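Read-outs: derived from the displayed coordinates by stated rules, not from any lab. Just so it is clear, the structure is predicted and the values come from calculations on it, not from any experiment. For neighbour counting, all protein chains shown are included, and Cβ atoms are generated from backbone atoms with ideal geometry for every residue, glycine included.
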Amino acid sequence: MLLLVLLLLGVLVFLAAEYEEGRDQAALEADAVAMASDIRSALVRNVQTLQSLHSVAPTPNSWAGPAAELLGQHREIVRLEWRDSAYRLITHRDTPYLPDLFGYLHREQALPDLRQACDSAQRVSGPSFSPSYFWPMSGGQGQELMEMCLPVVRTGVPAGFLVATYSLPGLLAELTNKDLLRGRGLAFTEPDGTRLALHSSAPSNRRTLQASTLLDLPGHTLMLRLESPRLGGKGPFGLFPNVLTAVVGVLSLALLAVLALLGRDIRRRQRAELELAQALAFRKAMENSLVTGLRARDMDSRITYVNPAFCQMVGFSAEQLIGSGLPAPWWPPELVDEYQQRQAVRLAGQVLPREGYESVFQRSDGTRFPVLIIEAPLIDAQGTQTGFMSAILDLSEQRRIEELNRASQERLQATARLATVGEMASLLSHELNQPLAAIASYASGTLNLLDEPLGPGQHLPQGDLQQAMRRISEQAERAGRVIKSVADFVRRREQVREAVAPASLIEAILPLLGLQAKKQGIRVRTLVAPGCPPVLCDRTMVEQVLLNLARNGVQAMPNGDPTPGSGLRVLTLAVSQSRLHAGQGAGDPPRKGWVEFAVTDHGQGLSAEVRDKLFTPFFTTKAEGMGLGLSLCRTVIEQHGGALTHEPALPRGTVFRFTLPAA
């Protein structure tokens, strides 16, 4: 019962306070309107006074005296200027109260604002005000100024412009009612609340009232703000008695119903609290058991909830994270701008892909780790979105396993290369015999020339000797290139992505491929499209893919199949630029380019059974094959983001195609 009585008194005091506050606010707004009206009227009178200035002082020499007298009477005007129609200064006078106003910065810096006001005044054939601007002064001070331009006309002929520079603090100090400002604050502000000029300020407290009104001037509008402290009002006894009696009577009648319902509400509340506690304990146990990080944010990107798994993941406590905004403390410093731009684009478009997106986080100790983020909107009971819920998966272990798989595949690639070199050993010996035999032949001929006796007046044939030595050098270089191509192919290198010209990839395998093709009487043809861009790849791995596909094509065309002269014993290596993937919308620029490689043979082709198992590891149609070549080739191409496919060739045979990203 005591609590209800206290509640009743509190309601009465609240109603009285609200009544008085509303009354004071209305009175303050009326005073603000009155002050704005006073300033507007004073400016109109100033215009009339300025118009009469040229009637009493028609020449520049006679104009200076009345202008100085007018500036002495109107402290809000800091400068008067008479300018011609081209805005050139004829004469001017500065206020005696601010002698150093234009000593720090030249007056011509304000010419754009003056032109704007005069252009507007010329259009309306009357006074016009420019937007206010800040004018710096010496000593780090300054004033907010505003230009008023008035066209000057004599006997119907334009005689230039009369420009009056107003000080906004001067307008507040000279053109307002001093009685209304006692104990109050007055200022000019921007529409967003930025203060332009301050005349006085009210004591800052929670009971300060504010009233703003517009000061409409020709060409510009200012916001006048008036502040007044509330000193407590007259208390609740200022209410009308009948209103107070009605409130007390209604509350007294409602008191019995409140007491009757209070017991039932308490029992319901206890049951609801028990159920809520159980649900909260269940949810807490479920959250603590998760290894997936959970994070909730409001619509302003401030964190409202994190679970222990997320705190352990980033190395920050929940107290450090809740309430924090952007940039997030787990963002790497060098990626803050990129992440903020990505966040703004996603939130603006409400793009929340269910498959998630990958990112990189930084723990409190500075270590980086990859994550997968999956987000969904948070919807309240009324169906309104209040934020976003994110599930974060640490991909560090997955990346480690992928790296192990990649290392295993590289070792398999090295094994495949060594096996290939073993198969080519006999072919290499045949290829090297030719340059070695030529070297021996030229060397024997040279020795014979040197051993041949010379008669009187005879000389050694220098031309023949030089030609023989050049031939020896050329054949030695040819043998060296064959050996180097095998050494480069066998050597195992770290995976490095680099921009490589497609033609250089084909040229690197031609010495090795030519040995086997020449032995079987197969001609190798290369076709590289002009203007084909370089590809971004691991050179060694892609060369292995090309060599493996080309060797398969050579082996698919054994001697006698087809018969010589049929025109089908040709292995074609072609490179072309693939079609660019278009953007999301019509007219969007292309996003990525691809380069397509094609290896075409004219063998017997592939049967349906072989096509189904072609890329299956350890499946092979060769008696000595391992069944890993095509499987490894597809893995390498997919690691580069491309695809390896095959299709029948015309009139017969098979075409293997794979794509690599353009650099």
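Structure above, values below:
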item: Packing-based exposure ordering (other Cβ within 10 Å, fewest first) of 303, 374; result: 374, 303
item: Relative exposure of 47, 152, 610, judged by other C-beta atoms within 10 Å (fewest first); result: 610, 47, 152
item: In segment 293-392, the GluC sites (Glu not before Pro) that fall in loop regions by DSSP, at most 15 other Cβ within 10 Å; result: 355
item: Surrounding net charge for residue 303, when Lys and Arg each add one and Asp and Glu each subtract one, Cβ distance under 10 Å; result: +2
item: Additional length obtainable on full extension of the chain from residue 122 to residue 137, 0.36 nm per residue less Cα span; result: 2.3 nm
item: Residues listed by number, segment 593-612, amide nitrogen under 19 Å from residue 622 label point at 7 Å toward C-beta; result: 599-607, 610-612
item: Ranked packing of 548-554, 508-514, most packed first, by mean Cβ within 10 Å; result: 548-554, 508-514
item: Highest-first arrangement of 117-124, 178-185, where packing means the average Cβ count within 10 Å; result: 117-124, 178-185
item: Proximal charge balance of residue 570 [Cβ under 13 Å; K/R count +1, D/E count -1]; result: +3
item: HN-Hα J in Hz across segment 115-122 - Karplus 6.51, -1.76, 1.60, θ = phi - 60°, x for Gly and Pro; result: 4, 4, 5, 6, 4, 5, 5, 5
item: Kirkwood Rh in Å, taken over segment 27-229 so that all alpha-carbon pairs contribute; result: 17.7
item: Peptides ranked, highest mean first, by Cβ atoms within 10 Å: ranges 629-642, 127-140; result: 629-642, 127-140
